[in-house]
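Inspection log for the structure reproduced underneath, given as structure tokens.
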Amino acid sequence: MKKIIILSIILSASTAMFAGNPERIGQAGATQLNINGWGRSSGWGWASVSSVKGLEAMYNNIGGLAYTSNTEIIFSRTAWLTGSDININTFGFAQNLGGNGVLGVSIMSYDIGDIPITTNEQPDGGIGTYKPRFTNIAAAFSKQFTREISGGIGFKIFSESITNVKAQGLALDAGIQYITTFKKKDKIKKNDIKFGVSLKNIGPDARYSGDGLSVKLQNPITEVESTVNQRSAKFNLPTLMNISASYDMRLDKTDEIYFHRLTPAFTFTNNAFSSNQFTVGVEYGYKSMFQLRAGYAYEDGITTYETRTNAFTGVMGGFTFEVPVKKDSETTFGLDYSYRHSNPFGGSHSFGVRLNIGE
């Protein structure tokens, strides 16, 4: 407990570096690094930072990756801001290496569609299309240091490109979780209090480069044509920090069983390039077969259309079904769904399938 408190104090003391600043909105690049493409955890957003486990923890808090029991495989597809024709495909794989260490790998690819090519001479297009490409590739390692404490670190390579301009960069994520039991004498309900801290997108500035930044100009006197290269400015990464807590409540009327769980959760998100957020969420679970979750992310101005600085209204929800592939099998198959409300656009829908392979 002392270790987690000390580390949390150190991380909290660094909030001045990442203080929420709405005046800096739009100044960071690679903001796709802060999009959750998974079908389960996106149903209550950052609220799950303290409790997320398994492969999806690579996004919210890498410390939770350490609780992958053996092998986990997930594929998710997100219809992002319905009406924008943007789809996000996310695939990941996590493997327990033994000795309380887990390795996770994920790839996130954006399908933005085809955009008409326009020029000064042909502003209405008609000369073909181009296809933007956005990709995030991540690798992470997480470990349980004690029964209560887990932590992890991950690296992401992001790439943004069109035909003649591109940007690439590297970012680091880190996270810790502390799990304990409120009533030590309780024989059924264990590990019900959870705390989590995560840092995301720490890395060097990046910039765009390519032939698309070059312009051909003609000297009006000599009529000699030359190429001028416009050097783009560097952009910062969208750094943020999460501090989170949650508590598992047992809803069963008798002390002999633990089938029904209700988990309220809270997370404070300190953004470097946008307003800070307060996310509250709740998840109901029946055994490990069914979960229903909902969340709300609040930031200054989000309650009215005129003052909101992004498309999302803060409302989100989702559910999960997960069952053994056959009777008495430790291998399970699950379906995840989440919805994030937005205005404008028609919200974002995420669908996921997962396979947990038992030992």
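Computed from the coordinates by the stated procedures, all read-outs in this text should not be read as laboratory data. Nothing here was measured: the structure is a model prediction, and the numbers come from that model. Neighbour counts run over all protein chains shown; Cβ positions are idealised from the backbone, glycine included.
If packing is taken as the average count of other Cβ atoms within 10 Å, what order do 228-239, 329-340 fall into, highest mean first? The partial results should precede the final answer.
On the way: 228-239: 14.3, 329-340: 18.2.
For the peptides 228-239, 329-340, the packing ranking is 329-340, 228-239.
The alpha-carbon of residue 234 sits under 16 angstrom from the alpha-carbons of these aspartates and glutamates, leaving out residues fewer than 8 places away in its chain: 160, 205.
Go ahead and estimate [θ] at 222 nm for the chain from helices alone: -39,500 (n - 2.57) per DSSP H run with n ≥ 4, summed, over the residue count, rounded to 500. Display every interim value, and only then the final one.
Details: 2 runs with 16 residues, N = 359.
It lands at -1000 deg cm²/dmol.
Taking a straight line from the alpha carbon of residue 194, these lysines sit under 21 Å away, with near neighbours fewer than eight places off in the same chain left out: 2, 3, 53, 143, 183, 184, 185, 287.
Run the numbers for residue 119 and residue 341: contour at 0.36 nm per residue of separation, minus the present Cα-Cα distance, in nm. Present the calculation step by step, with values, prior to reporting the outcome.
On the way: separation 222, 0.36 × 222 = 79.92 nm, distance 3.60 nm.
This chain segment gains 76.3 nm when fully extended.
Compute the semi-axes of the equivalent ellipsoid of the chain, taking the square root of 5 times each eigenvalue of the Cα gyration tensor, and list them largest first in whole Å. Show your work: numbers first, answer last.
Details: eigenvalues 340, 95, 80 Å².
Semi-axes from the Cα gyration tensor: 41, 22, 20 Å.
The order of the peptides 40-49, 245-254, 218-227 by mean Cβ neighbours within 10 Å, most packed first, is 40-49, 245-254, 218-227.
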